[in-house]
Amino acid sequence: MTKEGFLHSGERPSSQALQSFLDALADGHLPPEEDACQLLRDAAKHFWELPTLVQIQVPAAATLHVVGDLHGQFCELMTVLSGCGLPSEKNMFLFNGDFVDRGGRSVEVMLALLSMALFAPGRVFLNRGNHEFAYMSRNYGFEEEALQKYPRRIFDAFQTVFVSLPLASLVNNSVFVTHGGLFRSRAVRLSDVQQVDRFAPMLGDVAQDLLWSDPTNEDGRHLSQRGAGILFGPDVSEEFCQDNNLLCLIRSHEVKHRGYEWQRGGRCLTIFSAANYIGRMGNLGAVCHIKPHGERIDASDLSISTFAGAKEDVAFRDRQARIQVTFPSAPLRSRL
């Protein structure tokens, strides 16, 4: 069995085979076209069967790592895995959208994430971001990159996977995770998110807000300069969490200098993992770790790791030294 073809053994691959596959991608070796096509077909089938709002139950003594935007920065993905380890029964991952575009190794990032999702179903989850759309791929680099590496049918297969991805996750009935944010209408509840038809040719307001909205420290709901979604204030985050019995919301979608940022009030956390975004922003990357001590999650169950941008020649084993750990915001801690 080759490093590139580990998914074709007829059995679920071992962690050693997964690591070999990731190492091969890191070394610049892409799987053959037929293997990539099979991986994408299997992944689309896997995600197609999931609901739009995925319920994730993290058991006590297990950890869920919430990873923000990667934007084709494969080296940063390897940094995350170096610090967090490979997926397992007690080591779970939720990748929160914007896997592709702008960075030069979006193909490798997607192949790695999909291989992990198939290696550990129920332990690795992906939410769709606003960049997992064909029109975004055409405008921000993924299409061009994919066509340099594979024939068009592989790019088209990636788009089929994108359509199949869920839009949000609910962790231990306590933490709502989506790529963008909250809604233009206060009437929207988690039950409305569950009912969104994510396969529809034109996504409605709820789906658009999930993918495009951003928090602001000004109370209320405001028009967004993005032209989609809204800006939602701390009062909106507070209302949504109270209405749905949530501890907080975790979202991504925006570069942050420290890699993360708590909205005023401590109900909304932004996590962004593409350190030194597009090679010149100088920001840290971040990962949020959720380690429950009971069925539900409280503030003491959250911690945040940050890391500096990696250079392509940094050895895998050396990246762990750049990871620092911080803890929840004071407003969130005060809820204990």
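The values are calculated or read from the model by the stated rules, or taken from the named source; none is laboratory data. The model shown is predicted, which means the values in this text are computed figures rather than measured ones. Every residue, glycine among them, receives a Cβ derived from its backbone with ideal geometry; neighbour counts consider all protein chains shown. Each accessible area value is taken on the protein alone, full model and side chains, heavy atoms only, with ligands, DNA and RNA left out. Shrake-Rupley method; radii C 1.70, N 1.55, O 1.52, S 1.80 Å.
Check each of the chymotrypsin sites (Phe, Trp or Tyr not before Pro) in region 131-199 and keep only those in coil by DSSP with at most 11 other C-beta atoms within 10 angstrom; list them in order. Could you put the intermediate results ahead of the total?
Working: sites: F133, Y135, Y140, F142, F155, F158, F162, F176, F183, F199; in loops: F133, F183, F199.
Taking region 131-199 and a limit of 11 other Cβ atoms within 10 Å, the loop chymotrypsin sites (Phe, Trp or Tyr not before Pro) found are F199.
Given a 1.4 Å probe and every protein chain left where it sits, what share in percent of the accessible area of the chain is carbon and sulfur?
49
If I fit a long axis through the Cα atoms of helix 234-243 and take the longest principal axis of the Cα atoms of the chain, what angle between them do I get, 0 to 90°, rounded to 10?
90
In Å², what does the accessible area per residue of the chain work out to with a 1.4 Å probe?
40
Name the residue, out of E76, E34, E144, whose mean-square fluctuation peaks in a Gaussian network model built on the chain with Cα pairs under 10 Å.
Largest GNM mean-square fluctuation: E34.
Which whole-number percent is the relative contact order of the chain (Cα, under 8 Å, 6+ apart)?
Contact order relative to length: 18 percent.
Given N residues in region 14-70, what is its alpha carbon radius of gyration divided by 2.2 N^0.38 Å?
1.48
Build a GNM of the chain with springs between Cα atoms under 10 Å: which of M202, M136, M281 gets the top mean-square fluctuation?
Residue with maximal mean-square fluctuation among M202, M136, M281: M202.
So what is Rg over Rh here for region 189-267, counting just Cα atoms and using Kirkwood for Rh?
In region 189-267, Rg relative to Rh is 0.96.
So which trypsin sites (Lys or Arg not before Pro) in region 75-108 are both in a DSSP loop and have at most 15 other Cβ atoms within 10 Å of their Cβ?
In loop regions of region 75-108 (DSSP not H, G, I, E or B), the sparsely surrounded trypsin sites (Lys or Arg not before Pro) are K90.
Could you compute how much accessible surface R186 exposes when probed at 1.4 Å, giving the result in Å² to the nearest 10?
Around 120 Å² of this residue is reachable by solvent.
Rounding to the nearest 10 and keeping the result within 0 to 90°, find how far the Cα-based axis of helix 106-119 lies from the longest principal axis of the chain.
So the helix axis and the longest Cα principal axis differ by about 80 degrees.
Along the charge dipole of the chain, Cβ charges K/R +1 and D/E -1, which of F133, H293, H257 sits furthest on the positive end?
H293
In whole Å, what are the Cα extents of the chain along the three principal axes, biggest one first?
Taking max minus min along each principal axis of the Cα atoms, the chain gives 53, 43, 39 Å.
What angle, in degrees between 0 and 90 and rounded to the nearest 10, separates the Cα long axis of helix 74-84 from the longest principal axis of the Cα atoms of the chain?
70
D for region 165-211, whole µm²/s, Stokes-Einstein with Kirkwood Rh over alpha-carbon pairs at 4 °C and 1.567 mPa s: what number?
117
Expressed as a fraction of 2.2 N^0.38 Å, the rule-of-thumb size for a compact globular protein of N residues, what is the C-alpha radius of gyration of region 120-231?
That works out to 1.18 for region 120-231.
So which of K45/K90; K45/K256; K45/K149 end up more than 27 Å apart by C-alpha?
Pairs exceeding 27 Å: K45/K256.
Percent antiparallel among DSSP beta bridges with both residues in the chain, to the nearest 5? Before the final figure, lay out the partial values.
On the way: 25 of 46 bridges.
Counting only bridges with both partners in the chain, antiparallel ones make up about 55 percent.
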